[in-house]
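A quick write-up on the structure given underneath.
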Amino acid sequence: HRIWYKPWGQVSRRALARVAERHDLLIIEDDVYGYLIEDRPPTLAALAPEHTVYVTSVSKALAPGLRVGWTAAPAAHIARLVEAQRVTAVCPPALTGEVVRRWIEDGSADAYIQWLRAETRARYEMAREYLADWSLHGHPASFHLQLELPPTWPSDTFASAARERGVGVLPASAFATEPGNGAGTVRLSLSKPPSRAALARGLSVLRELLGTLPAQRPAII
């Protein structure tokens, strides 16, 4: 059975771990963004090590070009994982592995992650400030937020109007697994702008746009 689950706290993680143990289920824990949360709850791999395959990578934490990752798994699954890695990633570049090793050992990786955590939280606070009159859903350690739109703004229309003003947002429905999910909301990427000043300009455009009505466009017959 495959169950997609996003645990949001220690209690729910422990409950999921107990379910996996009780029914002999295998959990695939994708933790590539876990580094952004400084005081995070224990991983599922720590709570149910015999029922969890844990996967992480530095491509999200340090640089997209560093295609280096790690997997921790129960002993019974190691041989299959090694074989899968061998046939899907033949001869990964040794140079990228050496770069990662040096950055970890000399402290560069930790220093960058500390900066990235602070920058992510600062951008989150900026969005909360600029869009204080509107409903936002997200986490201080997340690169993305969901913005609830006024009833007058369909999400596709809002995204198009924002794009005409030089700001890119996406209707949340683009990420929905079922029709109708995400209606009336758009996703904001806080990490895309190259600077806080650029982010401030984009948020100002969105704030101004939210206070207007959609432009009436001529009907096409």
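Selection of region 148-167 for residues being within 23 Å of the chain's Cα centre (by Cα) and in contact (Cβ under 8 Å) with a residue 60 or more places away in the chain yields only Leu149. Please determine whether any residue of region 191-214 is open to solvent by 20 Å² or more (accessible area, probe 1.4 Å), over 30 Å from Tyr35 (Cα atoms), over 17 Å from the mean Cα position of the chain (by Cα) and among the polar types (S, T, N, Q). Within region 191-214, one or more residues are open to solvent by 20 Å² or more (accessible area, probe 1.4 Å), over 30 Å from Tyr35 (Cα atoms), over 17 Å from the mean Cα position of the chain (by Cα) and among the polar types (S, T, N, Q). For beta carbons closer than 6 Å, sequence separation of 6+ or different chains, a first residue in region 86-114 that is closer than 20 Å to Glu38 by Cα and a second that is open to solvent by 90 Å² or more (accessible area, probe 1.4 Å), the qualifying pairs are Ala109/Trp103.
To keep it simple, each residue is scored yes or no on (1) modelled with pLDDT under 85; (2) assigned to a helix (DSSP H, G or I).
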| site | (1), (2) |
| --- | --- |
| Arg2 | yes, no |
| Lys6 | yes, no |
| Arg14 | no, yes |
| Arg18 | no, yes |
| Arg22 | no, yes |
| Val32 | no, no |
| Tyr35 | no, yes |
| Pro42 | no, no |
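With within 25 Å of Val32 (Cβ to Cβ), touching a residue at least 60 places away in the same chain (Cβ under 8 Å), crowded, with 18+ Cβ neighbours inside 10 Å and not aromatic (Phe, Trp, Tyr) as the only criterion, which of Ala172, Ala127 stands out?
On the way: Ala172 fails: touching a residue at least 60 places away in the same chain (Cβ under 8 Å).
Residue meeting the stated conditions: Ala127.
The set of residues from region 158-175 being out of contact with any Leu (no Cβ under 7 Å at 6 or more places or on another chain) and under 15 Å from His144 (Cα atoms) comprises Gly168, Leu170, Pro171, Ala172, Ser173, Ala174, Phe175. Among all residues of region 102-112, there is none that is touching a Leu at 6+ places or on another chain (Cβ under 8 Å), of a type in the set (Phe, Trp, Tyr) and within 30 Å of Thr212 (Cα to Cα). Filtering region 71-101 to residues that are at pLDDT below 90, within 25 Å of the chain's Cα centre (by Cα) and open to solvent by 70 Å² or more (accessible area, probe 1.4 Å) leaves Gln85, Thr88. Put simply, of Arg163, Arg187 the only residue that is open to solvent by 40 Å² or more (accessible area, probe 1.4 Å), outside any loop (DSSP other than H, G, I, E, B) and either out of contact with any helix residue (DSSP H, G or I) (no Cβ under 7 Å at 6 or more places or on another chain) or among the polar types (S, T, N, Q) (or both) is Arg163. Cβ separations smaller than 8 Å between residues 6+ apart or across chains give no pair from region 25-51 residues that are farther than 26 Å from Ala118 by Cα and free of Cβ contacts under 8 Å to residues at least 12 places away in the same chain to residues that are surrounded by 14 or more Cβ atoms within 10 Å (Cβ to Cβ) and small (Gly, Ala, Ser).
The one condition from (1) of a type in the set (Ser, Thr, Tyr); (2) assigned to a helix (DSSP H, G or I); (3) open to solvent by less than 50 Å² (accessible area, probe 1.4 Å) that Tyr112 does not meet is (3).
The values are calculated or read from the model by the stated rules, or taken from the named source; none is laboratory data. What you see is a predicted model, and the numbers here were worked out from it, not measured in a lab. All Cβ positions, glycine included, derive from the backbone under ideal geometry; neighbour counts span all protein chains shown. Accessible surface is based on the protein model in full, side chains and every heavy atom, while ligands, DNA and RNA are left aside. Shrake-Rupley method; radii C 1.70, N 1.55, O 1.52, S 1.80 Å.
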